[in-house]
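Since every read-out is calculated from the coordinates, none of them should be taken as a lab result. Predicted model only: the values in this text are computed from it and were never measured. Here the Cβ positions follow ideal geometry from the backbone for every residue, glycine too, while neighbour counts run over all protein chains shown.
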Amino acid sequence: MLKDRIKIASLQYVTVLICFLLNMCDGMDVMVISYTSNAIGKEWAIGAGDFGIVFSIGLFGMALGAMLLASKADIFGRKPMIVLCAFLMGTGVFFTAYAQSLPQLILFRFFSGIGIGSMLACTSTITAEYAPEKTKNFWVSFVMAGYPIGAVLSGLVATKLIPANGWQSMYYFAGAVTLLTIPIIMLFLKESLEFLLKTQPQNALQKANKILVAIKLEQLKELPAKDTKKTKTTVVSLFDDSIKNSTILLWSAFLLCFAALYFLTSWIPKLASNAGLSASLSIYAGIFFNLGAFIGIIIQGYLSAKFGLRKVICCFLIGTALIMVLFGFFTGPFMTLILFCLIGFGIQGGFIGLYAVAARIYPTEIRGTGIGWAIGFGRLGAILGPFIGGLLISSGASLQFNFISFAIPVAVAAVVTLFIKSPNVS
């Protein structure tokens, strides 16, 4: 029904915008620990090594949330899990303001990480199921673009709030904004029509017809015949013969991209400083990176709808690898900022395309599980990337060597993506 539409109805636009907003909150809640780490470190007299534990525990929570919590969306529905994710994110971040010791900070970061990790999987799933087939790649990518926008805007807020009101104020702000999305979700976000028709929970026909009326399609007199073959909504189902190879390749691409992406996002200020930028300009390096990411994600979504998803992802990632290899050959603040912008454009644009690939590979019954486990497995790379990058930087490796080292996994991910075969992925 929705797949065959060319124009999208107002309800579909509302779904996309809500998911975009939620991913903005996701980006804000991920980055808030980075924005407050210096202030907390000074107040509590703790070093970068201790904060490394906080970052790692947060990422571990995100991985668990993506793998274990997002999969429940295939059982209980997309909307209930999105509400739960927003609650976990909001409360976890808000109460971090009350942390008075490192163990408490670690606990709150792990708790909020579970919701953060699951949110991206749930929002990309419901967006894919509401978007028309021809423009699905664009809309999934557009929704994912909320993440860097949230990171940029919250960074600008942090520069004003933290000096004036202390680091706690940033957690009050981020937590409250996230919790305020819950009534918006409850009132305006509808359950996935595909989920209702395929899984047929209680009152599925009534709920489905309300959606059909809202998008101006003919109502159903009865639900379609339900597939009597029980589909397992566990990770085992992702390794059925028909999709096993695609799953392995997709997980590999996510792992490699996450490693490079989190190396960059974790060490941008340090890398920018090593490239000769002042302390103030080093902060702008992160802003330029995320602005480039937003533009890259939107353009990737547009191009993939025209020229094919796998080819466009491959081109974006190969281009990023080349820029990273050439990074050390350019000097000066202006060129350094431009290169960070271009790297953000390419790596985020290509990486986010993998979410659209995941949404297309897996059928409705296991889509949340498929996307969640791909993200969760990929976050192992998010843990390894910053750690390996830290070892390279502390060992005195040159800036050029650092970038070349992480250009390799980006290039490999580009090639791996080309080999993901599915009748639903162009």
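Run through every distinct alpha carbon pair of the chain and return the Kirkwood hydrodynamic radius in angstroms, one decimal place.
Answer for the chain: a Kirkwood hydrodynamic radius of 21.7 Å.
Hey, could you get me the Stokes-Einstein D for the stretch 110-161, Kirkwood radius over alpha-carbon pairs, 37 °C and 0.692 mPa s, rounded to whole µm² s⁻¹?
261 µm²/s
Residue by residue through the stretch 218-225, which ³J(HN,Hα) values in whole Hz follow from phi under the Karplus form 6.51 cos²θ - 1.76 cosθ + 1.60 (θ = phi - 60°), with glycine and proline marked x?
Result, ordered by residue: 5, 6, 9, 7, 8, 6, x, 4 Hz.
For the ranges 326-337, 408-419, what's the packing order if you count other beta-carbon atoms within 10 Å of each residue, average per peptide, and put the highest first?
Packing order, densest peptide first, comes out as 408-419, 326-337.
Which number do you get for Rg(Cα) / (2.2 N^0.38 Å) in the stretch 232-426?
After normalising by residue count via 2.2 N^0.38 Å, the value is 1.05.
Sticking to Cα atoms, compute the Rg of the stretch 1-120 to one decimal and its Dmax as the biggest Cα-Cα distance, whole number, in Å.
17.0, 59
In whole Hz, what ³J(HN,Hα) sequence does the stretch 20-27 give by Karplus (6.51, -1.76, 1.60; θ = phi - 60°), x for Gly and Pro?
Running phi through 6.51 cos²θ - 1.76 cosθ + 1.60 with θ = phi - 60° gives 4, 4, 5, 6, 4, 4, 4, x Hz.
In deg cm²/dmol and to the nearest 500, what is the mean residue ellipticity at 222 nm of the chain if only DSSP H runs of at least 4 residues count, each as -39500 (n - 2.57), divided by the residue total?
Rounded to the nearest 500, it is -26500 deg cm²/dmol.
By the gyration tensor of its Cα atoms, with a ≥ b ≥ c the square roots of the eigenvalues, what is the shape of the stretch 330-388: rounded for a/c under 1.5, prolate for a/b over b/c, or oblate?
It comes out oblate by the Cα gyration axes.
Kirkwood Rh, the stretch 179-315, all Cα pairs: how many Å?
Across the stretch 179-315, the inverse of the average 1/r is 20.2 Å.
Could you state the orientation-averaged shadow area of the convex hull built on the Cα atoms of the stretch 1-226, in nm² to one decimal?
Answer in nm², one decimal: 12.6.
Kindly write out, for the stretch 338-355 in residue order, the coupling ³J(HN,Hα) from the Karplus curve 6.51 cos²θ - 1.76 cosθ + 1.60 (θ = phi - 60°), rounded to whole Hz, with x marking Gly and Pro.
My calculation for the stretch 338-355 gives 5, 5, 4, 4, 5, 5, x, 4, x, 6, 6, x, x, 4, 5, x, 5, 5 Hz in order.
If you only keep lysine pairs separated by 8 or more in sequence, or across chains, how many in the stretch 78-190 come under 30 Å at the Cα atoms?
5
If you average 1/r over all unlike Cα pairs in the stretch 84-207 and invert the result, what Kirkwood radius do you get in angstrom?
16.5 Å
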